[in-house]
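K.L.:
Attaching a single structure in structure tokens format; questions to follow.
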Amino acid sequence: MSALHLRTTCIAAALLSLVSATAMALTGTATRPQLTSSEAGTYTIAKALAKAGPINALVTDNWNPTAGVALLSADYAVAADGSTRYRSVQSAIDAAVAAGGKTRRYISIKAGTYTELVCVPSNAPPLTLFGLGTNTGDTIIRFNNANPTPKPAGTASHPCASNASATTVGTSNSATVTVRAANFEARHLRVDNNYVEGTYTDNNQSAVALAVRGDKANFQDVLVTGNQDTLLISATSASDVIRAYFKSSTIEGDVDFIFGSGVGVFDGATIRSTGARLGSSRGGYIFAPSTRPGSSYGFLAINSSFTGVSGSPDNTTYLGRAWDESVGSLSSYVNGTSPNGQVTVRDSTLGSHIRKTAPWHASTVSRPYCSSNCTNSANRFYEYENSGAGAAD
């Protein structure tokens with residue numbers, strides 16, 4: 001054996017040893033892998049939210065969204081009936097931004113429906129929006145933009161949008177509420193996209209309700225509703241990681257309705273599939289993460305409930321599929337470089353609408369689902385200690 005051959009063999013053996021030492025210790029089946037109790041310790045709220053920033057230089061700040069929650073007292077009050085200074089949510093946000101400073105500002109919103117696009121710009125101070133209705137759904141921010149909605153070229157569809165040159169709104173710019181600022185909070189309100197599919201002709205009928213683009217976004221007791229692509233959690237730059245936390249909140253939709261490259265934690269949440277428009281044989285997809293290879297965390301659902309609307313067909317809904325963002329075809333997918341979505345569903349209750357034996361689907365470019373010994377990057381989709389009719393046996 002030559003010295004070169006020996007050296008190459010030793011390097012290969014060392015790499016194999018490293019891979020073996022760091023491989024996930026999974027149980028369950030190939031189509032439904034389960035974390036061991038030891039591995040489950042890696043996927044906690046604290047660890048998922050500990051880091052953010054540039055993927056190649058993530059900063060650890062151990063963000064705790066439940067710390068220091070203050071009593072709510074409005075600096076700005078919104079009421080559509082004109083009983084306060086501000087009739088629209090956006091006008092109150094604009095006033096808070098104009099006031100400047102770094103002190104958190106609180107905006108109360110009287111119960112009612114506010115048909116408007118809301119932009120929280122990147123230069124906004126820390127803001128908290130809170131609804132004053134008795135129930136979460138009493139205060140509604142609603143609009144009906146969608147990917148194919150036409151718009152005039154030369155003008156962005158709203159101040160947070162980046163679509164000035166386009167003639168249609170586009171998916172990420174269709175959001176009813178877009179949050180670009182860091183340290184945003186919302187409580188006790190509903191964000192809705194009520195676009196009616198087929199209003200405009202296009203194969204992509206996505207219509208976002210809420211787009212989280214800034215770090216440390218904290219949502220408590222909110223209801224986010226739509227159909228396809230309801231909730232986007234993703235930094236504006238593909239090289240950055242941002243975080244969002246949803247506590248005791250409900251997210252509704254039918255196709256890829258929680259998607260993006262950011263970190264999203266759903267703590268005690270209700271994830272409701274509303275796939276009636278898809279027909280009796282299709283249940284849609286819940287998660288569609290585009291997590292970058294350098295980021296260990298994507299979406300974490302913990303102590304949550306996965307439900308379907310009344311009449312949802314059993315064994316039809318996928319927990320998710322990888323969104324291979326910006327990858328045009330399977331042949332263009334590059335292991336270790338292209339996105340490789342990450343999802344963990346743990347300690348949650350899964351309804352009978354969830355597919356029992358194979359709840360994870362091939363990616364958006366038809367990269368086959370694979371949990372080990374894969375040609376392409378192994379999927380990073382895990383479960384732990386779930387219960388209910390849709391959970392693993």
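K.L.:
Out of the range 257-284, which residues are in a strand (DSSP E or B) and either under 13 Å from THR225 (Cα atoms) or free of Cβ contacts under 8 Å to residues at least 24 places away in the same chain (or both)?
P.N.:
Initial filter on the range 257-284 (in a strand (DSSP E or B)): 257-260, 263-267, 270-273.
Of everything in the range 257-284, those that are in a strand (DSSP E or B) and either under 13 Å from THR225 (Cα atoms) or free of Cβ contacts under 8 Å to residues at least 24 places away in the same chain (or both) turn out to be PHE257, ILE258, THR270, ILE271, ARG272, SER273.
K.L.:
To continue, here is another question. What are the residues in the range 302-330 that are touching a Leu at 6+ places or on another chain (Cβ under 9 Å) and under 17 Å from VAL343 (Cβ atoms), if any?
P.N.:
Listed by number, the residues that qualify are SER305, PHE306, LEU319, ASP324.
K.L.:
Would a scan of the range 42-52 turn up a residue that is closer than 21 Å to ARG187 by Cα and β-branched (Val, Ile, Thr)?
P.N.:
yes
K.L.:
Quick one: what pairs do we get from the range 83-94, first residue more than 16 Å from THR139 (Cα to Cα), second among the charged types (D, E, K, R) and part of a helix (DSSP H, G or I), C-beta under 8 Å, 6+ apart or different chains?
P.N.:
Within 8 Å, no pair qualifies.
K.L.:
Something else: Quick check, is SER237 assigned to a loop (DSSP other than H, G, I, E, B) and either on the phi > 0 side of the Ramachandran plot or touching a strand residue (DSSP E or B) at 6+ places or on another chain (Cβ under 6 Å) (or both)? So that I can check it myself, show each step before the final result.
P.N.:
Numbers: assigned to a loop (DSSP other than H, G, I, E, B): yes; either on the phi > 0 side of the Ramachandran plot or touching a strand residue (DSSP E or B) at 6+ places or on another chain (Cβ under 6 Å) (or both): no.
For SER237, the condition - assigned to a loop (DSSP other than H, G, I, E, B) and either on the phi > 0 side of the Ramachandran plot or touching a strand residue (DSSP E or B) at 6+ places or on another chain (Cβ under 6 Å) (or both) - is not met.
K.L.:
Within the range 140-167, track down each residue that is touching a helix residue (DSSP H, G or I) at 6+ places or on another chain (Cβ under 9 Å), of a type in the set (Val, Ile, Thr) and surrounded by 20 or more Cβ atoms within 10 Å (Cβ to Cβ).
P.N.:
ILE141
K.L.:
Something else: Within the range 291-306, which residues are of a type in the set (Gly, Ala, Ser) and more than 16 Å from LEU49 (Cα to Cα)?
P.N.:
We begin by selecting, within the range 291-306, every residue of a type in the set (Gly, Ala, Ser); these are 294-296, 298, 301, 304-305.
Within the range 291-306, SER304, SER305 meet the criteria.
K.L.:
Among the candidates THR42, THR60, THR128, THR66, which residue alone is under 26 Å from the mean Cα position of the chain (by Cα), at pLDDT below 95 and under 20 Å from GLY264 (Cα atoms)? Give the steps one after another, and end with the answer.
P.N.:
Details: THR42 fails: at pLDDT below 95; THR60 fails: at pLDDT below 95; THR128 fails: at pLDDT below 95.
Within the list THR42, THR60, THR128, THR66, the selection yields THR66.
K.L.:
Let me spell it out: the conditions are (1) of a type in the set (Lys, Arg); (2) at pLDDT below 95; (3) under 27 Å from VAL241 (Cβ atoms), and LYS102 meets all of them except one. Which number is the exception?
P.N.:
Of (1) of a type in the set (Lys, Arg); (2) at pLDDT below 95; (3) under 27 Å from VAL241 (Cβ atoms), only one is false for LYS102: (2).
K.L.:
Tell me, yes or no, whether the range 260-273 has at least one residue that is over 27 Å from GLU116 (Cβ atoms), aromatic (Phe, Trp, Tyr), outside the structural domain of ARG105 (by TED's automatic domain parsing) and touching a strand residue (DSSP E or B) at 6+ places or on another chain (Cβ under 9 Å). Even if it seems obvious, please write down each step before you answer.
P.N.:
The initial filter retains those residues of the range 260-273 that are over 27 Å from GLU116 (Cβ atoms), namely 261, 263, 265, 267-268, 273.
Those still in the list that are aromatic (Phe, Trp, Tyr) too: none.
Checked against the condition, which is being over 27 Å from GLU116 (Cβ atoms), aromatic (Phe, Trp, Tyr), outside the structural domain of ARG105 (by TED's automatic domain parsing) and touching a strand residue (DSSP E or B) at 6+ places or on another chain (Cβ under 9 Å), the range 260-273 yields no hits at all.
K.L.:
Okay, moving on. Within the set of pairs 6+ apart or on separate chains, which have a first residue in the range 316-344 that is surrounded by fewer than 21 Cβ atoms within 10 Å (Cβ to Cβ), a second that is assigned to a strand (DSSP E or B) and not acidic (Asp, Glu), and C-beta atoms under 8 Å apart?
P.N.:
The qualifying pairs do not exist here.
K.L.:
Which residue, of ALA244, ALA238, is closer than 17 Å to LEU58 by Cα, in contact (Cβ under 8 Å) with a residue 24 or more places away in the chain and surrounded by fewer than 23 Cβ atoms within 10 Å (Cβ to Cβ)?
P.N.:
Details: ALA244 fails: surrounded by fewer than 23 Cβ atoms within 10 Å (Cβ to Cβ).
Exactly one of ALA244, ALA238 is closer than 17 Å to LEU58 by Cα, in contact (Cβ under 8 Å) with a residue 24 or more places away in the chain and surrounded by fewer than 23 Cβ atoms within 10 Å (Cβ to Cβ), namely ALA238.
K.L.:
Spot the failing condition for ALA92; the list is (1) buried (at least 18 other Cβ atoms within 10 Å of the Cβ); (2) in contact with a Gly (Cβ under 8 Å, 6 or more places away or on another chain); (3) within 15 Å of ALA186 (Cβ to Cβ), and only one is missed.
P.N.:
(2)
K.L.:
Which count do you get for residues in the range 141-182 that are in contact with an Asp or Glu (Cβ under 9 Å, 6 or more places away or on another chain), outside any loop (DSSP other than H, G, I, E, B) and either aliphatic (A, V, I, L, M) or free of Cβ contacts under 8 Å to residues at least 12 places away in the same chain (or both)?
P.N.:
The total comes to 1.
K.L.:
So, one more: Does ASP221 fit the bill of being assigned to a loop (DSSP other than H, G, I, E, B) and more than 30 Å from THR167 (Cβ to Cβ)?
P.N.:
Numbers: assigned to a loop (DSSP other than H, G, I, E, B): no; more than 30 Å from THR167 (Cβ to Cβ): yes.
The answer is no for ASP221.
K.L.:
I'd like the full set of residues that are within 30 Å of LEU72 (Cα to Cα), surrounded by fewer than 22 Cβ atoms within 10 Å (Cβ to Cβ) and among the aliphatic types (A, V, I, L, M), limited to the range 168-197.
P.N.:
ALA182
K.L.:
Which one is farthest from LYS102 (Cα to Cα), of the residues in the range 183-212 that are part of a strand (DSSP E or B) and in contact with a helix residue (DSSP H, G or I) (Cβ under 8 Å, 6 or more places away or on another chain)? Explain how you work it out, then say what you get.
P.N.:
Looking only at the range 183-212, we keep the residues that are part of a strand (DSSP E or B), and these are 185-193, 210-212.
Imposing the further condition that a residue be in contact with a helix residue (DSSP H, G or I) (Cβ under 8 Å, 6 or more places away or on another chain) reduces the set to 188-190, 193, 211.
Working: HIS188: 24, LEU189: 24, ARG190: 26, ASN193: 31, ALA211: 23 Å.
Restricting to residues being part of a strand (DSSP E or B) and in contact with a helix residue (DSSP H, G or I) (Cβ under 8 Å, 6 or more places away or on another chain), the top hit is ASN193.
The values are calculated or read from the model by the stated rules, or taken from the named source; none is laboratory data. These numbers come from a predicted model, not from an experiment. With ideal geometry, Cβ positions are generated from the backbone for all residues, glycine too; neighbour counts draw on all protein chains shown.
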